[in-house]
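Structure first, commentary second.
The values are calculated or read from the model by the stated rules, or taken from the named source; none is laboratory data. Keep in mind that what you see is a predicted model, and the values were worked out from it rather than measured. Because the Cβ atoms are built from the backbone with ideal geometry, glycine has one as well, and the counts that use them run over all protein chains shown. Note: areas computed on protein heavy atoms with side chains; ligands, DNA, RNA excluded. Shrake-Rupley method; radii C 1.70, N 1.55, O 1.52, S 1.80 Å.
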Amino acid sequence: MSNSLVLVINSGSSSLKFALIDTVNGEATLSGLGECFGLPEANVSWKINGEKQQVQLEASGNHHQQAVDRIVALLDELGMKQDIVAIGHRVVHGGEKFTQTVKVDDTVLEEIEKLSDLAPLHNPAHVIGMRATMKAFPALSQYAVFDTAFHQSMPAKAYTGAISRKLYNDYGIRRYGFHGTSHYFVSREAAKVINKPVEKSNFISVHLGNGASVCAVKNGKSVDTSMGFTPLAGLMMGTRCGDLDPSIIEFLLKKGWSQEDVFNELNKNSGLLGVSGLTSDCRGIVEAMEEGHEGATLAFEIFCYRVAKYIGSYMVALDELDAIIFTAGIGENSLPVRSKILENLKIFGYREDAEANAAARFGNKGIITQPSTPVAMVIPTNEEWVIAKQSMEMLHS
Ligand code: ADP
């Protein structure tokens with residue numbers, strides 16, 4: 001195990017996820033979560049041998065630092081601390097500045113902080129997390145892996161909005177795309193399944209979790225993706241609306257809604273939750289639909305229809321297509337969702353293999369379409385592994 005462990009950190013505004021990844025096999029030796037930061041009940045929890053353990057943090061103070069210090073103490077107690085060789089941080093927004101993983105230093109921290117304008121909920125929290133781990137592990141190199149980096153290969157026709165150039169020049173308004181680490185990982189794994197070099201492989205990668213996005217991958221590179229300037233664009237999601245006529249915002253503002261209420265509505269009360277009036281959780285939607293719930297049925301229909309529409313439109317971004325890839329919580333597990341999406345794509349020749357579809361879940365990968373028909377497959381994503389591996393590669397480069 002020694003010399004192969006990377007500590008992966010995903011620091012949010014009120015939480016901090018961590019995982020100790022063995023870069024030899026991609027396994028998480030230990031993983032956990034600090035949450036409720038800023039509240040008296042702030043705590044850190046982790047799982048060892050299937051058993052959950054939890055400690056409270058102090059009622060106030062810098063909870064990010066306290067959580068990191070507690071994680072360091074835990075790693076020490078478990079005898080793992082000395083085997084950690086690098087720290088990898090997930091960073092949501094790298095703007096146009098970061099096209100690949102970088103070593104974190106003061107200049108990089110400043111740049112990430114500067115990009116907070118584009119990701120106000122995420123980037124400041126990443127910087128706080130990075131400062132905390134730099135203090136706790138002064139001798140270790142730290143790396144930043146960006147959600148946006150994989151999409152920096154998009155051509156201007158894909159990332160430029162049909163708006164005046166002034167908005168791009170003055171404010172950087174353009175499509176950035178997110179979930180890049182996931183689309184990168186599953187496209188590489190899918191190339192192995194079809195036995196082709198990824199540089200010659202073409203995929204439509206469909207990441208369906210609470211957040212959801214589609215990515216057209218041409219010769220291994222992102223050429224278009226459905227999330228945009230922010231993660232609100234594109235597909236219908238758990239609580240986000242996805243694409244919508246921007247005039248609706250003006251309409252609601254004129255009706256007396258505050259800007260904050262509109263933002264909350266579109267980000268937190270829309271999507272599966274908003275349409276079903278029930279839940280943002282896909283399992284709950286499918287269960288309710290099976291019991292005949294009207295809102296859940298409509299939510300399911302819209303969700304699957306919109307994914308299929310995006311897949312259809314991304315045929316335009318590619319000259320050929322080797323496979324559609326389903327990944328993340330819903331993509332990896334929900335048979336009815338995958339089945340319905342493939343049904344919606346029947347004009348392109350997709351035919352579900354029901355037995356194969358049923359087998360590809362709970363971490364199992366596999367092709368889920370019938371032989372001699374266009375290929376769709378399931379590939380479990382593993383963003384932590386990418387972060388750990390890229391950190392390790394940079395350490396040794
Ligand atoms: P995120 O990382 O974006 O928070 P996940 O990738 O964990 O989200 O996906 C969460 C979604 O996956 C939820 O809608 C949940 O219902 C769905 N999901 C998880 N497990 C299953 C399952 N066994 N069957 C169907 N849907 C599932």
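Give me the residue from segment 327-344 that is among the polar types (S, T, N, Q) and free of Cβ contacts under 8 Å to residues at least 60 places away in the same chain and, out of that set, nearest to the ligand (Cβ to nearest atom). The selected residue is 333.
In the set (1) of a type in the set (Val, Ile, Thr); (2) away from the ligand (no atom under 14 Å from the Cβ); (3) touching a residue at least 60 places away in the same chain (Cβ under 8 Å); (4) in a helix (DSSP H, G or I), the condition left unmet by residue 347 is number (3).
When you scan segment 193-229, how many residues do you find that are open to solvent by 10 Å² or more (accessible area, probe 1.4 Å), under 28 Å from residue 249 (Cβ atoms) and in contact (Cβ under 8 Å) with a residue 60 or more places away in the chain? Of the residues in that region, 5 qualify. Which of the residues spanning segment 177-188 are more than 16 Å from the ligand (Cβ to nearest atom) and within 22 Å of residue 345 (Cβ to Cβ)? 187, the sole residue that qualifies. Every test in (1) farther than 30 Å from residue 230 by Cβ; (2) polar (S, T, N, Q); (3) free of Cβ contacts under 8 Å to residues at least 40 places away in the same chain is passed by residue 23 save one, and that test is (3).
Among the residues of segment 67-84, are any in a strand (DSSP E or B) and open to solvent by less than 20 Å² (accessible area, probe 1.4 Å)? Taking every residue of segment 67-84 in turn, at least one turns out to be in a strand (DSSP E or B) and open to solvent by less than 20 Å² (accessible area, probe 1.4 Å). Pick from segment 259-295 the residues that are of a type in the set (Val, Ile, Thr) and within 12 Å of the ligand (Cβ to nearest atom): which of them is surrounded by the most Cβ atoms within 10 Å (Cβ to Cβ)? It comes out as 285. Of the residues making up segment 384-397, those that are touching a helix residue (DSSP H, G or I) at 6+ places or on another chain (Cβ under 8 Å) and surrounded by 23 or more Cβ atoms within 10 Å (Cβ to Cβ) are 386, 387.
Taken together, the residues in segment 112-138 that are part of a helix (DSSP H, G or I) and open to solvent by less than 40 Å² (accessible area, probe 1.4 Å) amount to 12.
Filtered by the rule that a residue be touching a residue at least 60 places away in the same chain (Cβ under 8 Å) and either open to solvent by 70 Å² or more (accessible area, probe 1.4 Å) or within 15 Å of the ligand (Cβ to nearest atom) (or both), segment 352-377 gives 365, 367.
Mind listing whichever residues of segment 206-220 are more than 14 Å from the ligand (Cβ to nearest atom) and assigned to a strand (DSSP E or B)?
214, 215, 216, 217, 218
In this structure, does residue 57 turn out to be open to solvent by less than 30 Å² (accessible area, probe 1.4 Å) and within 22 Å of residue 174 (Cβ to Cβ)? No; evaluated as a whole, the condition is false for this residue. For residue 388, the stated conditions do not hold, so it cannot be described as within 12 Å of the ligand (Cβ to nearest atom), of a type in the set (A, V, I, L, M) and in contact with a strand residue (DSSP E or B) (Cβ under 9 Å, 6 or more places away or on another chain).
With respect to the stated conditions, residue 204 is under 16 Å from the mean Cα position of the chain (by Cα) and over 20 Å from residue 390 (Cβ atoms).
Only one entry of 248, 302, 324, 311 meets the criterion of being within 16 Å of the ligand (Cβ to nearest atom) and of a type in the set (Val, Ile, Thr), and that entry is 302.
Considering segment 231-249, the residues that are within 17 Å of residue 177 (Cβ to Cβ), out of contact with any Lys or Arg (no Cβ under 6 Å at 6 or more places or on another chain) and at pLDDT 95 or above include one that is surrounded by the fewest Cβ atoms within 10 Å (Cβ to Cβ), namely 243. Return the residues of segment 321-360 that are among the charged types (D, E, K, R) and out of contact with any strand residue (DSSP E or B) (no Cβ under 9 Å at 6 or more places or on another chain); say none if nothing qualifies. Across segment 321-360, the qualifying residues are 340, 346, 355.
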